[in-house]
Every structure is written in structure tokens, then in C-alpha cells.
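Everything on this sheet refers to the single structure shown next.
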Amino acid sequence: MEEALKIQSLFIYPIKSCRGISVPQATVTQTGFQWDRYWLVVNYKGRAYTQRVEPKLALVESELPKEAFFEDWEPTKDSFLVVRAPGMSPLKIPLTKPSSIAEGVSMWEWSGSAFDEGEEAAKWFSDYLGKQSRLVRFNKETETRPSPPEFAAGYSTTFADMFPFLFASQASLDQLNTLLPEPVPINRFRPNFLVENCDPFGEDLWEEIKINELVFQGVRLCSRCKVPLVNQETGVPGVAEPTETLLKFRSDKVLMPDKKPRGKVFFGKEMVWNWNIGNSEGKGSKTIKVGDTISVLKKMPSRAEAAV
């Protein structure tokens, strides 16, 4: 008998493009996990910094209070996001709502306002990156950042790239690592969910899955940028791997032979929480834990369709 699909690890990335936190449980919201990509480092024009251009961000660690991962927890004046990086003193960001607003914040296709975390945080990131920077926080009260409507109409996210959730499986990573000159850890791919007991790249075909009472819809395969080239332990970008190996068996040319190739490679499955199904209206628990079982309700017929 096949072993049940289970959640092996859960990851939250409080600051966009900085190091993730492995957590025992997380609260699902319509825009992603609570605290996931709530903060963003921006340049003097308010434009997002990511590891694509600032790979040193990989070394910036975040710590949240343990109780922050419980449903319905509210921060007090003694609750902080603590930020650390090599050669820097710890930075403490109060989790209560900031009073200052930054206008003209932009990330990819989106622009809007965000909370500004103040001068101490701005100086910390400016000193660390060696260029003028500020730290901002997504303002869910006034802003919406829609996911691309052609793929996920009616869904939105905070400062994640495009979609609220990214799933990957240990078996997919294991298969890739058998082909690489040197194995890479899962942190190269920055998923929210790492799944065990899955077939290699079985997550590609997930159209609808259920975890506890929560139903997730598959959106598309995740096409990868330069970030998987960055060694997350050193902050130093490599030149070839794992992208070159992925090109051989996970490219659009291989997975979508009928379409014009654009040199994309895929790893992981982008998904949304369908709050219209099951316990909508705020009823029931939205907590997901390591060890929870995943049921696949619907599969796509082919990877070509999944990759679109």
C-alpha cells in the first residue's frame, strides 16, 4: 500500500528574498501563510530588491515569536521581528502596526503604498547592502496585489512573486540531486510546503488537493529565475547549476513540446487556497501542521497543461 502524502516541512519567508523559517505549523490566509513575504527591502525609488540583484539577502535571517504561528494571535508592544545578518547587530522591528506610510512602492507589475518600518531599519539595510534602502511592510488594509488574472482570477498575494503558495516534493529534489554534480538543498527553491511520499514531480499534476478542511487549487508549474543559482548558505550566486541540469528534463521545450520554447525551467507547483470551498466564511481551523496528510482530489491529464 502506498504511503499517504504528508507535509514534511513548512516554510515562511517573512522578508521577501531573505532566509526562510522552518515552522511546525502555519496559518493559511487568502494571500498566503500568515507573515509570509509581509516585508520587502526597497531601493531609494521604492523598487523591490530581491536575490536576483542582491544575493546577499540570502544571509539575512528573520525570527518571529513562536506564538506568531498560532491562529488569531495578535502582536503586543513587546512583539518583534528580529533580523540578523553577518557583521550586523540584531535589528528589532515592532510587530504592531507602523504609523508611517511609504508611497510609490513597486514590485514587478504592482505599485502602491506600504507601511514604512522607519529610519533604524532603513539604516540597517542600507549599511548591510551598501546602498540606500528601506524596509516596508505590506498594508493588507488598503492594498491588494492581484495574482495574474489569466492564471488565478480573484486571488491575490503580498510580496510573493505571483501566487500565494508554492509546493515542492522531497522526491523531486532527490531526483534532481541524482543528476547534479553536487546536490542542492530545498532552500534553493524556497517552497512553502515540502511534501513527502510523493512520486518525483508528482506535484506537477495536482489540480486540486485537500489538507484538513482546506482545498488548494493548482495554478501552474513554477518557472524558475536566477535565485536557485544562489547558494543560500553563502549568498554567492553560481553560474550554472541547478538550472543547466533542469534545462535537460524540466524545460518548456521538454514539458511543452508543442509550444515555442522560451528557455524556461520548472520546479515546484504554484497554488492558491480556494476559500470558496469547504469552510469559508471564517469557520473552522486554518492551521496546517507538519505531518498533516494531503489528499489529491483532482489531477491534470498532462504536464504540458500544468506548465501553461
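The values are calculated or read from the model by the stated rules, or taken from the named source; none is laboratory data. All of these numbers come straight from a predicted model, not from anything done at the bench. Cβ coordinates were reconstructed from backbone atoms using ideal geometry, including for glycine residues, and neighbour counts include every protein chain displayed. Please note that ligands, DNA and RNA were not included when accessible areas were found on the heavy atoms of the full protein model with its side chains. Shrake-Rupley method; radii C 1.70, N 1.55, O 1.52, S 1.80 Å.
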Using a 1.4 Å probe on the protein chains only, how many percent of the accessible area of the chain belongs to carbon and sulfur?
51 percent
Taking K56 as the anchor, which aspartates and glutamates have their alpha carbon closer than 18 Å to its alpha carbon, excluding any fewer than eight residues away along the same chain?
D127, E233
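Using 0.36 nm per residue of separation minus the Cα-Cα distance, give me the extension gain between E244 and N197 in nm, one decimal.
Stretched fully, the E244-N197 segment lengthens by 14.3 nm.
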The simple spin-label model distance between N231 and K45, using points 7 Å out along Cα→Cβ, in nm, is 3.2 nm
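Can you pull out the GluC sites (Glu not before Pro) in the stretch 212-308 that DSSP calls coil and that have at most 13 other Cβ atoms within 10 Å?
On the way: sites: E213, E233, E244, E270, E281, E305; in loops: E213, E233, E281.
Sites meeting the loop and neighbour criteria: E213, E233, E281.
May I ask for the Kirkwood hydrodynamic radius of the stretch 167-308, worked out over all distinct Cα pairs and given in angstroms to one decimal? List each step's numbers first, then the result.
Values: mean 1/r = 0.0619 Å⁻¹.
Across the stretch 167-308, the inverse of the average 1/r is 16.1 Å.
Given R₀ = 22 Å, what would the calculated FRET efficiency be for D127 paired with E67, taking r from the Cβ atoms and rounding to 0.05? Display every interim value, and only then the final one.
Numbers: r = 31 Å, r/R0 = 1.39.
The formula returns an efficiency of 0.10 here.
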Taking each pair of distinct Cα atoms in the stretch 1-49 once, what is the resulting Kirkwood hydrodynamic radius in Å?
12.8 Å
Calculate, for S302 and S89, the FRET efficiency according to 1/(1 + (r/R0)^6) with r their C-beta to C-beta distance and R0 41 Å; round to the nearest 0.05.
0.20
Given K259/K299; K92/K210; K226/K299, the pairs whose alpha carbons are separated by over 31 Å
K92/K210
Could you work out how far helix 119-129 tilts from the main Cα principal axis of the chain, as a 0 to 90 degree angle to the nearest 10?
50 degrees
Out of all DSSP beta bridges in the chain, what portion is antiparallel? Express it as a percent rounded to 5.
90 percent
Angle in degrees between helix 170-179 and the longest Cα principal axis of the chain, rounded to the nearest 10:
80 degrees
Charge sum, other residues only, whose C-beta stays under 11 Å from R37's C-beta, Lys/Arg counted +1 and Asp/Glu -1
+2
Just to be sure I understand, if you calculate percent of Cα pairs over 29 Å apart for this structure, which of [x] 35; [y] 50; [z] 41 do you get?
[x]
Loop-resident trypsin sites (Lys or Arg not before Pro) in the stretch 1-86 with no more than 11 other Cβ atoms inside 10 Å, DSSP not H/G/I/E/B, are K45, K77
